[in-house]
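Below is one structure, written out as structure tokens; the observations come after it.
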Amino acid sequence: MPWIFRRQEKLSGHARLIIALNALYSIAEALCSVFVGVYFYINSHNINTVFFHYTVLYLTTPFAFVFAGWLTRKRDRSFLFRAGLVLHALYYAALLFLRDSSPEYAGMLGGLLGITWGFFWAGNNTYQYDFSSGNGGREFFLGMISAVSAGAKILAPLMSGLIISFAPVPQQGYEIIFVVALMLYSVAITFSFKIPASPKSGSFPLKQALFPPRAHRDWRILMLAGISLAGSFHIFHFLLALIMYFEIGNEAAVGGYVSFQGLVTVTVSYLVGRYVVPQSRKRFMFWGVLVLVAAGLIVFWETTVWTLLIFGFLRSISLPLYGIPDTAVRFEVMESMMKEPGDRIAYLCAWESPLAVGRLIAMASLFVLYHLYGGGGLRVMLLLLCLIRLATYALMCRISIIRNPALSPSAGDTCPPQL
């Protein structure tokens with residue numbers, strides 16, 4: 001089976017720079033973002049404040065994404081990426097300035113973070129698309145991005161948790177990690193000026209990307225699948241941190257839990273990036289779905305520290321198993337839809353809309369389940385987010401390059417090119 005082994009993976013200097021900047025971003029995020037939900041909760045003692053913050057975030061993101069994409073007619077991807085880094089720094093600076101009164105501004109902070117995500121991910125997703133283009137190179141580059149992002153989570157959350165736990169008062173610990181994050185974002189912003197400029201898009205065919213014609217069957221399926229995929233994009237992230245905090249009541253335990261998941265994901269991401277090719281995408285995605293469903297059933301049966309650890313372990317395996325080939329398929333379908341390379345940003349922005357719909361449905365469900373069943377509702381939500389991956393997989397199996405891998409642009413090359 002020639003698709004089992006891959007050789008001679010090479011990355012250009014600019015591709016390595018993108019990976020390094022993603023690493024800096026991931027370290028800063030791993031230090032702070034997992035604790036933001038906990039931070040709002042301990043300062044308000046009201047979980048509704050946490051739900052409100054993230055609901056505004058998910059509502060704002062797609063609009064900011066579209067606006068950022070529209071700007072590419074006048075500005076390039078580097079501007080969006082750098083603006084996203086600056087806005088991330090402003091978000092944590094606001095948390096630092098507001099201190100324990102932050103929950104009073106949970107909605108405004110959620111809106112700021114939504115704008116931040118829109119700019120940063122519009123730029124970063126464009127980089128990931130551009131630098132993973134080429135015959136056979138998508139999974140390798142995406143695997144490296146996933147690995148370094150997960151690698152940032154190995155030590156950073158644990159260090160943050162320990163800093164918060166051993167600080168004279170928790171507030172001082174949070175202030176320390178927010179300051180460190182600001183420093184890391186400043187370094188990333190500085191080095192982002194080394195990224196070469198890209199041609200401005202000139203066009204922004206958002207309507208075609210949002211409402212694809214019947215002839216664009218694969219993209220229509222991907223847009224529908226995006227609704228069911230939304231749980232993987234951040235909702236698991238803050239929900240698991242909250243549940244672990246409720247179980248133990250200690251930030252060090254939360255940080256250790258996230259670090260444990262990062263250690264698993266970095267290993268699996270590297271392996272998946274090396275060995276998955278178009279002919280094996282469906283198989284990797286299938287096992288990713290089965291592992292995630294098994295994780296959901298275990299934590300639904302009983303929620304303890306041990307079952308949460310097992311859930312985190314299995315989910316960390318599932319994430320790259322499913323996510324890396326899924327992203328590669330999405331990029332290849334996008335490429336087949338575009339009339340010109342500059343159209344890519346419109347499709348990247350359009351795909352954020354079904355994600356936002358899925359996130360908002362998930363948040364509404366989480367709110368209802370929690371108020372009906374209390375802590376048990378959080379456990380039910382975890383199971384639902386896992387089970388819905390079955391629907392995502394069923395939809396993805398209908399895409400032409402999954403059903404017939406020979407149609408994939410990279411099907412005939414088992415060795416990725418230099419990116």
Query - Value of relative contact order over the stretch 288-400, rounded to a whole percent, pairs C-alpha under 8 Å and six or more apart - result: 38
Report task. Taking every pair of alpha-carbon atoms in the stretch 303-381, give the share separated by more than 20 Å as a whole percent. Result -> 58
Report task. Express the relative contact order of the stretch 243-339 as a whole percentage, based on alpha carbon pairs under 8 Å and six or more residues apart in sequence. Result -> 37
Query raised in the report: What's the FRET efficiency of residue 215 with residue 309 using the Cβ-Cβ distance as r and R₀ = 41 Å, to the nearest 0.05?
Result: 0.30
Query raised in the report: By per-residue mean of other Cβ atoms within 10 Å, what is the highest-first order of 310-323, 328-341?
Result: 310-323, 328-341
Report task. Given the options 303, 190, 55, state which has the largest fluctuation in a GNM of the chain using a 10 Å cut-off (strictly under) for Cα springs. Result -> 190
Query raised in the report: Which of the lysines could be linked to residue 207 by a straight reach, that is with a Cα gap under 23 Å, when you skip same-chain ones fewer than 8 residues away?
Result: 74, 339
Query raised in the report: ³J(HN,Hα) across the stretch 342-354 via Karplus (A = 6.51, B = -1.76, C = 1.60, θ = phi - 60°), whole Hz, x for Gly/Pro?
Result: x, 6, 4, 5, 5, 6, 4, 5, 4, 5, 5, 5, x
**Report entry** Using alpha carbons only: equivalent-ellipsoid semi-axes of the chain, gyration tensor based, whole Å
**Finding:** 32, 25, 21
Query raised in the report: How do 34-46, 254-266 rank on mean C-beta neighbours within 10 Å, highest first?
Result: 254-266, 34-46
Report summary line: quick shape note, the stretch 279-419: Cα extents on principal axes in Å, largest first -> 50, 29, 27
Report summary line: In this structure, the FRET efficiency calculated for residue 67 and residue 302 from their beta-carbon separation, with R0 = 56 Å, to the nearest 0.05, is 0.80
Query raised in the report: Rounded to the nearest 0.05, what FRET efficiency is calculated for residue 248 and residue 93 with R0 set to 25 Å and r the Cβ-Cβ distance?
Result: 0.25
Requested in this report: Taking the Cβ of residue 224 as the centre, find all other residues whose Cβ is under 13 Å away and add up their charges (Lys, Arg: +1; Asp, Glu: -1).
Outcome: +3
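Each reported figure results from applying straightforward, stated rules to the coordinates on display, with no laboratory input. All of these numbers come straight from a predicted model, not from anything done at the bench. So basically every Cβ, Gly included, is an ideal-geometry build from the backbone, and we count neighbours across all protein chains shown.
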